[in-house]
Amino acid sequence: MGIGQALGFVGATVVLVGMPGPNNIYISLRSLTQGRRAGVVSAFAIETGSIVYILVAALGLAAVVQASPLVFTVISLAGAGYLAFLGVRTLRSSESQGVGGIKVTTLGRVFRDGVLVNLLNPKAALFFLAFLPQFTSRGAGTGQVRDEMLLLGLAVLVIGLALDLCYALGADAIGRRVRTGGRFGGLRKYVVAGIYLTIAAVAALGAL
């Protein structure tokens, strides 16, 4: 990969990964409602899901998914369903449980949800399974392509984590006021649930 192609890859990655989507919004909501620690855990959870996609792409399974629109549709609908589940769970939560029905100390659950949000995120699937292979050497052997995919994936992982942490820290700065604002306390869970359900609806419509 030449310098020009490398710069193009980095630039495109920053734009595509940094563009607001289910992953970024999930991280932001965690920071807004539960604080910086939950946001940082969410960021690492999202990138854990990315590792799975990197391995899938490197092993050549990307071609299988790309060849079957049904598989991609199923992933998209599953992601929409999970986001809708998070929205409904938020609506059913009590204020004593914290927004989303998850206490601040339950970081294990925050991590699990973050991994699932990324694995079921059609934007992430499209990025790793369709965009990443375009930067591998044409006509190269299987071993070389696999190695290149792993290196590209590592670069995406570093860029993605840096951007995710920016979302987490930025949302926490805003959330400090929101979390302590008594006037908005009763509305927080409805706002969060509305965001989850809206994303779910958009994802579902995009898959159909």
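The values are calculated or read from the model by the stated rules, or taken from the named source; none is laboratory data. This structure is a prediction, so every number in the text was calculated from the model and none was measured. Cβ: placed from backbone, ideal geometry, glycine included. Neighbour counts: every protein chain shown. All accessible areas refer to the heavy atoms of the entire protein, side chains included, with ligands and DNA or RNA removed. Shrake-Rupley method; radii C 1.70, N 1.55, O 1.52, S 1.80 Å.
Here are a few things to note about the model shown:
- Count of residues meeting criterion [at pLDDT 65 or above and either small (Gly, Ala, Ser) or outside any helix (DSSP H, G or I) (or both)] in the stretch 64-87: 7
- Of all residues in the stretch 165-191, those that are open to solvent by less than 90 Å² (accessible area, probe 1.4 Å) and at pLDDT 55 or above have Cβ atoms under 8 Å from Cβ atoms of residues that are among the hydroxyl-bearing types (Ser, Thr, Tyr) and not in a helix (DSSP H, G or I), 6 or more apart or on another chain, in Lys189/Ser93.
- Of all residues in the stretch 1-47, those that are within 16 Å of Leu151 (Cα to Cα) and within 11 Å of the chain's Cα centre (by Cα) total 1.
- Filtering the stretch 88-113 to residues that are at pLDDT below 65 and either touching a helix residue (DSSP H, G or I) at 6+ places or on another chain (Cβ under 6 Å) or not in a loop (DSSP other than H, G, I, E, B) (or both) leaves Glu95, Ser96, Gln97, Val99, Gly100, Gly101, Ile102, Val104.
- Where a residue in the stretch 4-17 is under 12 Å from Gln134 (Cα atoms) and open to solvent by 60 Å² or more (accessible area, probe 1.4 Å) and its partner, wherever it lies, is at pLDDT below 85 and not aliphatic (A, V, I, L, M), with Cβ under 9 Å and at least six apart: Gln5/Phe135
- Scan the stretch 39-63 for residues that are loosely packed, with under 14 Cβ neighbours inside 10 Å and modelled with pLDDT of 65 or more and the total you get is 2.
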